[in-house]
Amino acid sequence: MSILLRAQALRSPKPLVTAIRSRIHTTTRPWRNPDTHLPILWKPQTTSLSLYQTRLTSNLTTPSSTHENPIPPALYTPPTTGLLSHLPPSWIPYAELIRLDKPVGTYYLFFPCLFSTLLASTLLPIPPSPLTLLKTTSLFLSGALIMRGAGCTINDLWDRNLDPHVSRTRLRPIARGAVTPRQALVFTGGQLLAGLGVLVSLPPECFLYAVPSLALVALYPLAKRVTHYPQFVLGLTFSWGAWMGFPALGIDLLNNTTALQAAACLYASNVAWTVLYDMIYAHMDVKDDAKAGIKSIALRHEKETKSVLTGLAVAQVALLAACGVAAGLGPAFFVGSCAGAGVTLGTMIWRVRLKDVRDCWWWFRNGVWFTGGAITVGLVGEYGARYLGWYEGEGKAEEVMERVEV
């Protein structure tokens with residue numbers, strides 16, 4: 001046998017160990033157990049390297065909380081179209097981290113700020129000029145862009161061990177290893193500093209109102225692990241701008257009961273809106289969330305989703321109307337904002353196909369403009385009517401027009 005092994009090793013470029021294993025597999029003579037003298041078949045053990053590779057692959061593809069089949073591996077392809085394709089390659093992971101190519105979240109965060117600014121403008125004795133409103137809302141838009149990016153980064157840090165098990169999120173920068181957790185933490189710090197720069201550009205009172213929202217930003221990713229209603233926490237977070245427009249225009253909510261009641265109703269209305277649209281968004285990940293152990297309202301009420309959505313829409317419109325009553329708003333608001341929101345929400349709930357991922361995404365992406373746009377149109381109409389003095393009589397209107405000309 002030794003002669004045969006030596007000859008095989010000389011003829012083959014394989015090392016001697018490979019030749020021995022090959023000889024053992026091809027031999028017809030079984031080995032015997034030295035204790036029982038019964039024939040046994042020899043099976044080579046897995047090497048430490050292959051064992052490590054097997055464990056690594058298993059950790060990356062199989063959720064620890066389930067025994068379902070792992071999601072097939074996917075290769076990341078750098079963007080070839082759109083804004084991200086024009087960025088330097090080293091910037092792309094960070095742009096993806098803040099969802100720069102998917103700005104719809106920024107719009108959802110910005111609209112409550114816009115609503116509260118327009119509503120606050122109707123409560124002032126003398127409505128601010130359009131230029132003042134434009135400056136204020138521009139700052140809020142910048143802050144929404146920055147803080148939404150920071151929120152996405154914090155969310156991905158929390159979910160770095162869950163995202164690889166969800167088809168839609170497995171190629172996010174942290175999940176695929178393009179950005180390390182340490183780099184993401186440093187990046188988050190930079191975003192928070194940039195957000196602070198925007199905040200200090202607003203009146204000092206805005207700082208006191210904005211600080212509590214940071215706790216909600218950090219709390220939302222944790223809520224997905226402990227409750228089926230993380231969308232409610234997201235609603236408390238994304239709707240925070242409903243408070244901010246009042247101090248931005250110099251209204252002290254603590255000393256103005258009318259403004260406080262209107263702001264509270266507006267905030268609650270936006271919370272209902274957030275839960276509604278994010279419930280539709282959550283239906284995109286229902287199957288993967290169930291496998292990965294992620295909780296959501298879509299999973300908890302999967303069979304009665306449209307009934308829940310209808311209840312949320314009714315609550316949103318009712319609270320929006322209560323906001324208008326508290327603020328003493330006129331027909332422009334109730335027709336444009338309340339009726340417009342009711343029509344757009346009803347259409348979305350009726351037509352959205354919850355089992356179709358693309359359809360859910362389409363309504364989530366465009367619903368912000370349908371409902372948010374309708375509410376904005378009503379508030380702009382209300383502001384314009386008050387600015388021009390249409391609710392104060394002809395004499396007041398002429399006085400306002402003279403002020404505009406000056």
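Annotations for the structure displayed:
- Any hit, the range 220-234, residues being open to solvent by less than 20 Å² (accessible area, probe 1.4 Å), under 27 Å from Thr132 (Cβ atoms) and either touching a residue at least 12 places away in the same chain (Cβ under 8 Å) or part of a helix (DSSP H, G or I) (or both): no
- Entry remark, the range 347-379: residues being within 16 Å of Trp273 (Cα to Cα), of a type outside the set (A, V, I, L, M, F, W, C) and open to solvent by 40 Å² or more (accessible area, probe 1.4 Å) number 2 in total.
- Checking the stated criteria, Thr274 turns out not to satisfy the condition of being modelled with pLDDT of 85 or more and surrounded by fewer than 20 Cβ atoms within 10 Å (Cβ to Cβ).
- In the range 250-271, residue farthest from Val198 (Cα to Cα) [restricted to those that are surrounded by fewer than 24 Cβ atoms within 10 Å (Cβ to Cβ) and either acidic (Asp, Glu) or touching a Ser or Thr at 6+ places or on another chain (Cβ under 9 Å) (or both)]: Ala268
- Test for Ser167: is it open to solvent by 50 Å² or more (accessible area, probe 1.4 Å) and either modelled with pLDDT under 95 or under 16 Å from the mean Cα position of the chain (by Cα) (or both): yes
- Selection status of Thr305, part of a helix (DSSP H, G or I), within 24 Å of Gly105 (Cα to Cα) and out of contact with any Gly (no Cβ under 9 Å at 6 or more places or on another chain): yes
- The single condition from (1) without any contact (Cβ under 8 Å) to a residue 12 or more places away in the chain; (2) part of a helix (DSSP H, G or I); (3) hydrophobic (A, V, I, L, M, F, W, C) that Leu216 fails is (1).
- Single condition Leu185 does not satisfy, out of (1) surrounded by fewer than 17 Cβ atoms within 10 Å (Cβ to Cβ); (2) in a helix (DSSP H, G or I); (3) at pLDDT below 95; (4) within 19 Å of the chain's Cα centre (by Cα): (3)
- Counting only helices (runs of 4 or more DSSP H) wholly contained in the range 37-153, the ones carrying 1 or more residues that are modelled with pLDDT of 95 or more occupy 92-97, 104-123.
- Where Gly195 falls short, out of the listed (1) of a type outside the set (Lys, Arg); (2) surrounded by fewer than 18 Cβ atoms within 10 Å (Cβ to Cβ); (3) part of a helix (DSSP H, G or I): (2)
- Residue that is most open to solvent (accessible area, probe 1.4 Å) [pool: residues in the range 298-323 that are closer than 14 Å to Ala262 by Cβ and either touching a residue at least 40 places away in the same chain (Cβ under 8 Å) or of a type in the set (S, T, N, Q) (or both)]: Leu319
The values are calculated or read from the model by the stated rules, or taken from the named source; none is laboratory data. Quick caveat, the model's predicted, so the values are computed rather than measured. Glycine gets a Cβ as well: all are built from the backbone with ideal geometry, and neighbour counts include every protein chain shown. Keep in mind that these areas ignore ligands, DNA and RNA; they rest on the heavy atoms of the full protein, side chains included. Shrake-Rupley method; radii C 1.70, N 1.55, O 1.52, S 1.80 Å.
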